[in-house]
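Visitor: Dumping the structure here so I can ask a few things about it.
Just so it is clear, none of the values below were taken in a lab; they were calculated from the coordinates. Note that the structure is predicted; figures quoted are calculated from it, not measured. Cβ sites come from the backbone with ideal geometry, for glycine too, and all protein chains shown count toward neighbours.
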Amino acid sequence: MGSTDRPKLFILTELIPALLMLPPVGSSPAEYWVAEGRRAAARDLLRRLLALDSVEQVLILAAEQNDRDDLADLGGTPLIIPPGQFHFGHMLAHIVEEGDYQRLAYFGGGSAPLMTTDLLLQAFDRTLSAERPVAVVNNYHSSDWVVLNHAQSLLPLAARLPTDNPLGWVLDHEAGFDVHALPPSAATRNDIDTPTDILILLHHPNIGTDLREFLAQAPREWMTRIDNLRKVMNTPASTLTLIGRASSHVWQTLERKTQIWVRAFVEERGMVASGRMARSEVKSLIGEVLDMWGAQTFVEHLSSLSDAILWDTRVWMAHRGKWPSTADRFASDLGWVDQVEDSALRDLTQAINQASIPIVVGGYGVVSGGVYAMLEVLEGD
């Protein structure tokens, strides 16, 4: 093959290839619902990336044929997944090595449901203009996407990246990159990992067309719960309770942008990144009280202290040591009691459904990016 016949990606070095990854769908109705929402967000992100002059093409690595076909119809370039057990770092290194890429942008399929063109341009422009190793991430401590140069530096780091979360930290501490994390906001802190990560985006002005249409079909009871939660946040002297891995920045932002009281029970920040969860070392005082009192009594007492609650229930799950299945976690988030097999989680889900106040549960996003999203909706009202 002559040099003039090679794909443009290898000769137009001022352009950056983007990689979009989507995971397997799962088999339960709740998992399928999340997958549909993530696919809608991925379609919106694909369109935004292809509209950038600095992006030559968007590579699609998706576990499901439907996702590959769907995104290919919009202009994505599907890749073939090599056989064997999936490992994020090894897969990323394989793609960089096979493509001989010197620059690369990686995005999880649901990693940027509220990303704006201006923020994308900021990330790509900073990388394109740099000669020394530079990476731009959405979150330094828990990265969901990255735009970087010197992409070949990823090759020896593959084993250090079981997921995308440590990308920022590893590039900084082990590869000598100048890592820039964009400021905390709804755009940079929202990543679709759970049902609540989708539902909490309701009414946000930056969601794309496909995700907006998907949310229009969300369960009505959940739309009502989110709306009631926002009313509490917008009512002076109301009390909102945060439970889980909330950051001090989230608390400060709530106090600065609202006129409500914030009660926070913060536990086990960094439980995944530190390895405490993998080593079964997670301890939760909230979890101990919940297990001691029982779900119904605990939720009733908690409801008497607040007007609304945002609850990262994964800390309690890790504290128990019996990690529920993805199907159970997602069904619980959606309040689908009859689809939760774990008895303790089913009892908690039932108690939350019967609570006298709006209680929104999920993973880390419910006390991080979800808070920013709701505040930005309130600012726009």
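Visitor: Apply the a/c threshold of 1.5 to the C-alpha gyration tensor of the stretch 3-189 and tell me whether it is rounded, prolate or oblate.
Guide: Note, shape of the stretch 3-189 comes out rounded.
Visitor: Output the peptides 136-146, 169-179, 353-363 sorted from most to least packed, where packing is the average of other Cβ atoms within 10 Å over each peptide's residues.
Guide: 136-146, 353-363, 169-179
Visitor: Just order 102-114, 57-69 by mean Cβ neighbour count inside 10 Å, highest at the front, would you?
Guide: 102-114, 57-69
Visitor: Please work out the FRET efficiency for the pair E379 and K231, using the Cβ-Cβ distance as r and a Förster radius of 25 Å; give the result to the nearest 0.05.
Guide: Here the calculated transfer efficiency is 0.95.
Visitor: Semi-axes of the equivalent ellipsoid of the chain: what are they in whole Å, largest first, if each equals the square root of 5 times a C-alpha gyration tensor eigenvalue?
Guide: Equivalent ellipsoid of the chain: 37, 21, 20 Å, largest first.
Visitor: Along the charge dipole of the chain, pointing to its positive end and built from +1/-1 on Cβ of Lys, Arg, Asp and Glu, which listed residue (F330, A218, M317) has its Cα farthest out?
Guide: Towards the positive end, the residue furthest out is M317.
Visitor: Could you calculate the FRET efficiency of Y140 with H90 from 1/(1 + (r/R0)^6), where r is the beta carbon distance between them and R0 is 25 Å, rounded to 0.05?
Guide: 0.65
Visitor: Would you mind checking the tilt of helix 117-128 against the longest principal axis of the Cα atoms of the chain, expressed as 0 to 90 degrees and rounded to 10?
Guide: Once rounded, the angle reads 50 degrees.
Visitor: Okay, next question. For the stretch 85-132, what class follows from the C-alpha gyration tensor (a ≥ b ≥ c being the square roots of its eigenvalues): rounded when a/c is under 1.5, otherwise prolate if a/b is larger than b/c, else oblate?
Guide: Because a/c hits 1.5 or more and a/b fails to exceed b/c, the stretch 85-132 counts as oblate.
Visitor: Under a Cβ-only charge scheme (Lys and Arg +1, Asp and Glu -1), can you give me the dipole magnitude of the chain about the Cα centre, in debye to the nearest 20?
Guide: Using Cβ point charges on Lys, Arg, Asp and Glu, the chain gives about 620 debye.
Visitor: What list of ³J(HN,Hα) couplings, whole Hz, do you get for the stretch 37-54 from phi and the Karplus terms 6.51, -1.76, 1.60, once you set θ to phi - 60° and write x for glycine and proline?
Guide: x, 5, 5, 4, 5, 5, 4, 4, 5, 4, 4, 5, 5, 5, 7, 7, 5, 7
Visitor: Still on this structure: In whole Å, what is the distance between the alpha-carbon centres of the stretch 260-290 and the stretch 157-198?
Guide: 20 Å
Visitor: I would also like to ask the following. Treat every Asp and Glu Cβ in the stretch 36-140 as -1 and every Lys and Arg Cβ as +1, leave all other atoms uncharged, and give the resulting dipole magnitude about the Cα centre to the nearest 20 debye.
Guide: 280 debye
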